[in-house]
Structures are given as structure tokens and as C-alpha cells.
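The values are calculated or read from the model by the stated rules, or taken from the named source; none is laboratory data. Only a predicted model underlies this, so the values are computations on that prediction, with no experimental measurement involved. We place every Cβ from the backbone using ideal geometry, glycine too, and count neighbours over all the protein chains shown. What goes into the accessible areas is simple: the full protein's heavy atoms, side chains included, and nothing from ligands, DNA or RNA. Shrake-Rupley method; radii C 1.70, N 1.55, O 1.52, S 1.80 Å.
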Amino acid sequence: MRKFVYHFNEGSKEMKYLLGGKGANLAEMTNIGLPVPPGFTITTEACKDYNEHHQYLSDDIYAEMMTHLHILEEETEKKFGDTTNPLLISVRSGAPFSMPGMMDTILNLGLNDQSVLGLVKATNDARSSYDCYRRFIQMFGDVVFQIPSYRFEQALTDLKEQKNYTLDTELSVADLQDLITTYKALYVSASGRDFPQDPFQQLRLSITAVFDSWENPRAAVYRRLHHIDNQLGTAVNIQSMVFGNTGDTSGTGIAFTRNPSTGENLFFGEYLLNAQGEDVVAGIRTPEPISHLEDTMPEVYKQLLEVAALLELHYLDMQDIEFTIEKGELFVLQTRNGKRTAQAAINIAVDLVHEGKLTKEEAIMRIDTAQIDQLLHPSFDETSLHAATSLATGLPASPGAATGQIYFNAEDAVDAAERGEKVVLVRNETSPEDIEGMAKSVAILTAHGGMTSHAAVVARGMGKCCVAGCDSIAIDETKKVMQSATATLKEGDFLSLNGSTGSIYLGEIPLVETEIGGHFEELMSWVNEAKKLVVRVNADSPDDLEVGLHFGAEGVGLCRTEHMFFQEDRIPHVRQMIIAETKEERMIALAHLKEMQKADFVGIFRAANGKPVNIRLLDPPLHEFLPKTDRDIEKLAREIGKPAEEIKQRVHDLAETNPMLGHRGCRLAITFPEIYIMQAEAIIESAIHIHDEDIAVYPEIMVPLVSSREEITIIKNQLKEAIQTIFRKEQLVLPFDIGTMIEIPRACVTADEIAEEAQFFSFGTNDLTQLTFGFSRDDANKFLYAYQEQKILPTDPFQSIDQKGVGALVTTAVQRGRMTNPALKMGVCGEHGGDPASIQFFHRLGLQYVSCSPYRIPIARIAAAQASILEEREKVTV
Ligand code: PEP
Ligand code: MG
């Protein structure tokens with residue numbers, strides 16, 4: 001018979017797919033002897049079974065669960081639903097991958113009007129017993145019947161106002177009993193039924209509600225954002241309760257073994273005395289820093305430090321630990337690898353190597369390339385910052401600077417972002433329902449909650465700027481205004497946030513790019529040792545190239561020369577070149593353009609300082625350069641002294657029905673050879689100029705959109721002849737290569753022929769994807785989302801290479817190319833050159849390099865290193 005329920009002592013950390021991350025770690029901690037309250041886990045397989053049977057928990061699984069519940073009763077010497085010493089349990093979700101706050105949890109289950117009396121007897125603490133009961137009604141109502149939590153919170157606030165209390169702890173036993181009556185009435189009016197008194201019914205409903213929460217919209221959005229498989233399902237953890245709300249020697253908290261924002265090796269965390277777990281996570285009360293616990297409960301603090309050290313050593317990673325103290329006794333409720341900022345991830349990984357706990361390769365594998373983007377976040381322009389008005393300071397919950405317009409709920413934030421605004425989401429505290437709004441915002445500000453509140457944790461995971469717990473501002477979410485001591489801001493007003501310092505400022509402050517600090521350089525030096533792929537940059541200007549070099553680019557993989565033609569002062573000459581009716585006329589325009597291009601190439605070669613520079617000859621359809629409006633046509637007519645009618649006719653003649661399949665790329669050189677010849681001359685003359693400055697130079701001249709050997713043969717011969725003429729004149733020979741882009745399916749299947757004529761192949765995977773699928777790269781987003789939703793395609797093939805189709809063509813081209821030209825240099829310059837999954841594929845194909853935009857370079861380098869470490873590991877295991 002299949003086993004669907006595991007007691008904690010039956011599992012291990014390796015079983016996370018079956019027991020979920022939380023269940024697997026509870027099992028592991030139980031087995032290494034940590035103080036974990038006993039319990040058991042209902043597996044993710046049970047969740048799948050439940051879904052397969054149309055949301056019905058099978059009797060077999062229920063019976064198996066009951067067996068474990070009885071064992072739990074024996075272990076705790078308590079009885080479920082008992083009126084003298086009742087066993088109370090928590091029912092918590094736990095998926096194979098951590099999804100903080102996305103699914104549901106119910107605490108204090110097993111309480112009813114009778115067992116609460118038993119709890120009073122057993123604990124001799126009426127106040128906390130009734131407090132547990134009212135919390136249970138609220139959580140059960142929220143999770144099982146979707147009665148919004150704020151309705152219960154409102155009843156609590158009303159009672160406190162009526163009694164003139166400021167703190168929850170001022171509520172008396174009688175107040176709590178009244179509150180329970182109010183909660184039960186609220187429950188009846190909202191759900192249309194009585195609050196269930198039968199603890200077994202409470203349990204069954206709670207288990208199925210947790211299974212259902214796998215499918216709730218916020219969890220689905222989270223899975224989509226984090227690429228988590230929808231089929232995995234969640235486990236349910238049932239654990240005997242320990243109580244952090246039983247007075248001032250009790251409490252609850254969250255601790256990180258290292259600082260999750262900076263990575264500093266210092267114990268970090270927060271706790272609340274006399275509180276239950278959800279109080280810290282929900283950010284309703286602002287917690288104390290963990291260091292204060294050393295003063296209030298030194299013994300517990302010492303024990304907690306020992307537990308933290310042991311767990312970090314056991315998991316060899318920074319841990320995020322949830323704990324409860326019940327009357328001076330410490331219990332560990334959860335441990336997991338802590339979420340951290342990208343900077344912290346790098347610093348922790350490198351420190352763990354220095355501490356002898358990880359190898360360099362393991363440290364590199366720990367880096368999540370998707371997160372590295374965070375490091376490239378901008379900061380405020382210093383001068384503008386000095387002039388800015390500071391409004392308030394909260395907690396620096398997630399680093400980076402951001403500026404945008406404020407919105408007070410997730411829906412408005414999503415709408416504004418869709419209108420193209422940069423949005424700052426402003427909330428009292430965020431909850432998992434806000435996930436889509438958070439994803440669409442550039443920053444998040446909350447008035448309540450600490451460094452481990454929902455807003456802080458989720459923002460860090462998303463790499464988004466967040467200031468939390470900014471309690472000197474008052475936020476009215478209904479009226480959509482926020483007020484600081486000096487200003488009132490309404491919906492749509494501009495606000496600027498610094499998530500690294502916690503400061504918030506009035507208005508819009510310009511942003512500048514930041515420096516990467518900490519152990520980044522050291523990690524990247526290990527990356528360079530590990531990777532085999534060279535990483536180049538796609539750069540059309542010396543400035544782009546400088547950024548790329550700063551991030552470690554090893555050359556230019558693609559310089560798109562048409563981007564140089566779009567500048568204001570060049571356009572008339574480009575247009576004249578196109579409009580020209582004779583070759584002589586065209587040559588005059590080309591002579592102007594040649595001088596301009598030379599200036600660009602000299603700048604790029606100088607910056608490249610001997611690194612290879614791949615320059616692609618003109619690619620786009622000619623009509624793209626031509627004027628469109630009558631006014632522009634008349635202006636051009638005046639500039640080049642031609643009748644406007646003539647120009648209009650020429651524009652008309654050049655227009656194409658399918659420009660992407662039209663007169664572009666090397667087809668231009670077949671009809672107008674002088675264009676490419678001019679460009680090749682400009683490249684070589686600039687190279688000579690740089691050589692004369694005593695700087696090494698190595699140009700690669702790339703012919704785009706080649707589909708046959710004949711095209712490249714004709715063009716190459718023309719270019720070579722022009723280049724030889726220059727060398728003869730200058731009495732100098734410099735090294736250079738001529739090669740092709742491979743971006744047309746026909747080029748892939750005839751690559752053996754093309755390779756005989758080319759010194760390199762650079763895969764233009766953007767066009768290759770477009771032409772292989774027949775999907776327009778400019779419009780496919782209109783339907784690609786549906787292809788992903790319906791699982792026709794796993795990802796957007798313009799972002800991550802389609803290995804089966806486009807990848808197979810690349811493979812064919814590589815094999816055929818090598819067959820006839822073993823010295824052929826091969827790389828990728830399409831967008832895929834910066835995508836980690838694609839980089840892994842290209843590494844395995846044995847390409848020499850990938851090329852990507854400047855800000856992707858660090859990601860590409862790390863991905864290249866990870867690809868080669870993975871390959872080495874596989875060799876060892878084979
Ligand atoms: C490509 O097609 O992949 C490429 C790099 O060229 P472009 O994007 O300029 O067409
Ligand atoms: Mg292309």
C-alpha cells in the first residue's frame with residue numbers, strides 16, 4: 001500500500017519532493033536531535049491524489065493520518081479535543097520549493113468551547129487559552145471559508161478602542177471571551193454556518209483547505225514568477241502546538257544565521273514576546289532585534305545561537321530559522337536556506353569558501369543567475385539627492401533605489417504599470433494577495449512590519465527595492481493618501497525610495513547605475529577559472545563597450561553598424577545614399593558616411609585594446625531609413641536638392657510587404673556592393689589608425705543574413721579586394737577575419753559549404769528563431785503567452801533557446817561547419833547569448849563564445865562557469 005503520511009522521525013532532508021521543504025527539514029531536525037515539537041507530514045502525493053479525485057480526501061489517507069494523530073497523542077501525552085488536557089496542532093502547507101506566505105497555515109486547531117476549558121486547566125492560563133481560541137477562529141475562518149482576516153482584526157480594534165486599550169496584551173479574559181462571541185457571530189454571518197465544534201471536522205476541513213491553497217491565485221502567480229512546476233503540489237505538516245503567547249517568558253521569532261541583506265556573518269533576526277508566529281510574519285506588530293533577547297533571556301539566546309550554528313553547518317548554507325519560546329523553553333519550528341539579496345548571496349558563498357565549508361565550484365553553483373540582476377540596480381544621483389526633501393525613514397528591507405508614482409492597492413498598481421507608469425506600491429502591510437501588484441511595481445513601501453515581514457521577504461526575492469516598517473507615516477488605503485510629518489501625498493504623486501538605507505523622499509530623483517561591491521570580484525575571478533565559454537559584449541558605441549568591459553567582457557561579439565547610421569547628423573547622408581540614382585551619386589554620400597563610421601570604429605577599437613571586435617555590416621531594410629511624412633520628404637528634398645515627388649516615388653518603390661524577409665542583410669550588398677565595400681574600408685582604415693597608436697587591433701567583419709555559399713563568396717571577394725588595395729597603399733598588413741552570421745535555416749543545413757568561405761560563424765538566434773518558427777519577432781508576444789499557458793512551449797523561445805527545433809539547427813550548423821573547416825570560430829550574438837539556460841546549451845555544443853548586452857555580462861559569465869562545472873560533475877558521476 002502507498003504510504004501517504006510520515007512521522008517526522010521517518011523522513012529526511014532529501015525527501016523534499018515528497019514531504020515538501022518544510023516537512024523534509026522538520027524531519028531532518030528531529031533526527032539530529034533538535035527541539036522540534038513532534039508531528040507528521042501528509043505528502044505531496046496525497047495532494048495530487050486529492051486533486052485527481054476532484055477535491056476529495058480519500059478515506060484511506062484520512063485513516064492513515066488518524067493513526068499518526070494517535071501516535072502524536074501518545075508522544076505528547078495529550079488528547080485531541082480533550083476537555084482536560086487537549087492536544088492542539090498546527091496545520092501548515094509546505095511545497096517542495098519555498099513559497100513564503102503564498103499558501104495557508106492554521107494554528108491552535110483542536111480548540112472548541114469545551115477543549116478551551118481543558119486548555120485553561122492544563123496551562124493554568126485562561127488569558128492565553130482564550131487568545132489562542134480567538135486566533136484559531138480567525139485563521140480557520142480566513143483559510144477554510146475565505147472570511148477576510150481584516151474583518152476579525154476590525155472587531156479586535158473596535159473592542160480595544162471601546163476599552164481604551166493600545167496593546168492586545170491589555171485585553172482581559174472577559175474581553176477575549178466577548179471577542180470570541182463576536183468572532184463566532186461574524187463567522188456565522190459570513191459563512192452561513194456555525195463554527196465547527198468537532199475537532200476532527202476542523203482537521204479534515206483544514207487539510208483540504210491547505211491542499212486547495214496550492215491552487216489559489218497568489219500561489220499560481222508566485223509559481224509563474226519563479227518558474228515552479230504547477231504539478232508538484234503541497235504537503236501538509238501537522239505539528240503539536242507550542243505557545244509563544246503565554247506571557248513574558250514566551251515569544252516567537254525568526255532568525256537568520258547571517259545577515260540576509262548584506263551577507264555579513266552576524267546572527268540576525270527579530271522576535272516578539274508574548275506572541276504567536278503569524279504576528280511576526282504578518283508584520284502587524286513591529287518586532288525587537290534578536291540581540292535584545294540576549295538581555296531578556298540569555299540562556300535561550302545562547303541555545304538559539306548553538307542551534308543556528310549547528311543548522312548552518314549541517315546544511316552548509318545560511319539558514320532562516322523560525323522558533324518559539326514557551327515559558328523559557330526553546331522550540332525550533334522550521335529551518336530553510338534563507339532568502340537573500342544578490343549581494344548577500346555572493347558574500348555568503350565566498351565567505352563559506354574562506355571558512356573551508358564550500359569549494360569554489362560549489363560557491364559558484366550557489367549563485368542564482370536570475371538574482372544577479374539586482375546587483376545592477378541603480379542608485380540616486382548624488383547631487384539631486386542632496387537637494388531632495390526627506391520625508392521619513394523606515395527599515396532598509398531590500399536594496400536599490402527607485403522612483404515612481406504611488407498607488408495604495410495592488411489592483412491600482414497593476415493598472416498604472418500597464419499604462420506605462422513606474423509604480424511605488426504603498427501599503428500598511430502587504431499580504432500574499434498583493435503579489436501581482438508587487439511584481440509590477442518598481443518599489444514597495446510599508447508603514448508596518450519588520451525586516452522579515454511579507455513585504456521585505458518577497459521584495460528581496462524579487463530583487464525589488466523595499467522600505468518596510470516606516471511607522472512615522474500614516475497611510476489611509478481607503479482615501480488613498482499617505483501623510484508624513486511634513487507632507488501629504490495622494491495617489492499618482494511621485495515618491496523616491498532607498499531600499500539600502502530605508503530613506504524615502506518627496507518627488508522624483510534621477511537614478512544612476514551602481515557599483516558592485518563585497519566579494520563580487522573574488523567570485524568572478526573563480527568564475528573565470530571555471531568557465532570555458534568566452535563572454536563578449538554586444539556594443540554599438542565606445543560607451544556600451546566600456547560598460548561591457550567593466551563587467552568583464554572579453555571582446556565585442558556584435559557591433560550593429562546600422563545603429564550608427566540612425567544619428568541625427570548622419571541620416572541625410574544615409575538617405576542620399578539610398579535615393580541615389582547612379583553609383584557616382586551614391587559614392588558621394590558613402591564618402592561622408594565612411595568618415596563618420598571611421599570615427600566610431602576608432603573609438604571602439606581603442607576601447608577594445610586588442611580584444612576581438614566583431615563588426616556586422618549593414619543589415620536592416622533600406623526603406624527604414626527613408627522619411628515617412630510629407631514634411632520630412634520636403635525637408636530631405638531641400639537638403640539634397642531633389643524634387644519631393646521623386647523622393648516620394650523612391651520611398652514608394654522601396655516599400656516592402658514583408659520587410660523582415662526583404663531587401664536586407666547581405667542582399668543589400670548583392671545589389672549595391674559599394675555599401676559593404678565602404679564599410680570594410682572604414683573598418684580597415686580605422687584599424688590601421690589604431691595600429692599607428694601602438695594599440696593592438698583585431699577586427700572581424702561579419703556578413704549578415706547569409707543563406708548560401710555563393711552570397712558569401714561574392715561578397716568576401718569584393719571586400720578582400722578593397723582591403724588588399726588599402727594594405728598595398730599603406731604597405732602594411734593587419735590580421736582580420738571575414739565570417740558570416742548564421743541566422744537563416746538554410747544556412748544551418750548548408751553550413752558545410754558556407755564554412756569553406758567563412759572564418760567564423762556567429763549564430764543570430766533572434767532571426768533564426770523567427771525564421772524557424774515563422775513567428776514575427778516583433779509581434780509574437782501577442783500570442784506567445786497563450787503558447788506558454790497551454791504548455792505548447794515551455795518558455796518564450798525569443799528569450800531562451802528552443803533546444804528541440806532552433807537548437808537542432810544550430811547543432812547541425814556546428815557539426816557541418818566543423819566538418820569542412822575545423823578552425824572555424826563559432827559563437828552566438830542573439831539575445832540568447834545572455835540567457836543562462838541557453839548558455840548551458842551552447843557550452844555543451846562546444847561553441848567558443850557567447851555575446852550579450854553589457855548588463856547581462858556578469859550573468860552570462862556565471863552561467864558559463866556553472867555550465868562547465870555541471871558538465872565536469874556529470875563526467876565524474878558517469
Ligand atoms: C540575430 O538575428 O540574432 C541578431 C543578433 O541580429 P539582429 O537582432 O540585429 O537581427
Ligand atoms: Mg539578425
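Based on C-alpha pairs under 8 angstrom that are at least 6 apart in sequence, the chain has a relative contact order of 9 percent. Multiplying the residue separation of K635 and N51 by 0.36 nm and subtracting their alpha-carbon distance yields 203.5 nm.
Over the C-alpha trace of segment 518-656, radius of gyration and Dmax come out as 20.0, 64 angstrom.
Expressed per residue, the C-alpha convex hull volume of segment 37-95 stands at 92 Å³. Within segment 205-338, the proportion of Cα pairs with more than 20 Å between them is 54 percent.
Projecting the Cα positions of A363, A439, Q177 onto the charge dipole of the chain (unit charges on Cβ atoms of Lys, Arg, Asp and Glu, taken about the Cα centre) puts A363 furthest along the positive direction. Taken over segment 43-202, the ratio of Cα radius of gyration to 2.2 N^0.38 Å equals 1.13. Here segment 429-576 is treated as a sphere whose radius is the Kirkwood value from Cα pairs; by Stokes-Einstein at 25 °C and 0.890 mPa s it diffuses with a coefficient of 126 µm²/s. Quick one: in segment 794-878, what % of C-alpha pairs are over 20 Å apart? Above the 20 Å cut-off, segment 794-878 has 36 percent of its Cα pairs. The packing ranking of peptides 83-96, 809-822, highest mean first, is 83-96, 809-822, where packing means the average number of other beta carbon atoms within 10 angstrom of each residue.
Over the chain, accessible surface divided per residue gives 41 Å², non-protein components excluded, 1.4 Å probe. Going by a ≥ b ≥ c, the root eigenvalues of the Cα gyration tensor, does segment 170-267 fall in the rounded group (a/c under 1.5), the prolate group (a/b larger than b/c) or the oblate group? Oblate is the answer for segment 170-267, as a/c is 1.5 or above yet b/c matches or exceeds a/b. The fraction of all Cα pairs in segment 107-209 landing in successive 10 Å bins from 0 to the largest distance is 15, 49, 31, 5, given as whole percents. When the Cα atoms of segment 651-705 are aligned to their principal axes, the ranges along those axes come out at 49, 17, 16 Å in descending order. Once Lys and Arg get +1 and Asp and Glu get -1 on their Cβ, which of S686, M66, S90 lies farthest toward the positive end of the dipole of the chain? Highest projection toward the positive end goes to S686. For the peptides 826-833, 625-632, 861-868, the ranking by mean Cβ contacts within 10 Å, running from highest to lowest, is 826-833, 861-868, 625-632. Available extension along the chain between T389 and T67 is 109.6 nm, counting 0.36 nm per residue and deducting the alpha carbon span. In whole angstrom, segment 730-772 maps to an equivalent ellipsoid with semi-axes of 27, 12, 5, each derived as √(5λ) from the alpha carbon gyration tensor and ordered largest first. Extending 7 Å from Cα along the Cβ direction at R2 and again at E161 yields two label points whose distance is 5.2 nm.
In segment 128-187, inverting the average of 1/r over every pair of distinct C-alpha atoms gives 11.5 Å as the Kirkwood radius. Taking all Cα-Cα distances within segment 471-546, those exceeding 15 Å account for 75%. Rg of the Cα atoms in the chain, relative to 2.2 N^0.38 Å, amounts to 1.13. Each Cα pair under 8 Å and six or more residues apart adds its sequence gap; the mean of these over the residue count of segment 378-512 is a relative contact order of 37 percent.
For segment 242-340, averaging the sequence separation of C-alpha pairs within contact (under 8 Å, six or more residues apart) and dividing by the residue count gives a relative contact order of 34 percent. Taking the alpha-carbon centroid of each part, what is the distance from segment 419-491 to segment 666-686 in angstrom? So the separation of the two Cα centres works out to 55 Å.
On full extension, the segment bounded by E730 and K327 gains 136.1 nm, given 0.36 nm per residue less the C-alpha separation. With both labels modelled 7 Å from their Cα along Cα-to-Cβ, the K720 to E306 distance reads 7.9 nm.
Here the peptides 487-496, 531-540, 657-666 are ranked by packing, the mean other Cβ count within 10 Å, and the order with the highest first is 531-540, 487-496, 657-666.
Put simply, segment 658-761 fits an ellipsoid with semi-axes of 27, 15, 12 Å; these come from the alpha carbon gyration tensor as the roots of five times its eigenvalues, largest first. Treating r as the C-beta distance of H314 and L661 and R0 as 56 Å, the FRET efficiency rounds to 0.40.
Here segment 744-793 yields Rg over Rh of 1.15, to two decimals, using C-alpha coordinates and the Kirkwood radius. When a 1.4 Å probe is rolled over the protein heavy atoms, the share of accessible surface on the chain that falls to carbon and sulfur comes to 51 percent. Values of log10 I(q)/I(0) for segment 378-512 across q = 0.21 Å⁻¹ run -1.23, by the Debye formula with one identical scatterer at each alpha carbon and no solvent. Taking the inverse of the mean 1/r over every pair of distinct Cα atoms in segment 606-687 gives a Kirkwood hydrodynamic radius of 15.1 Å.
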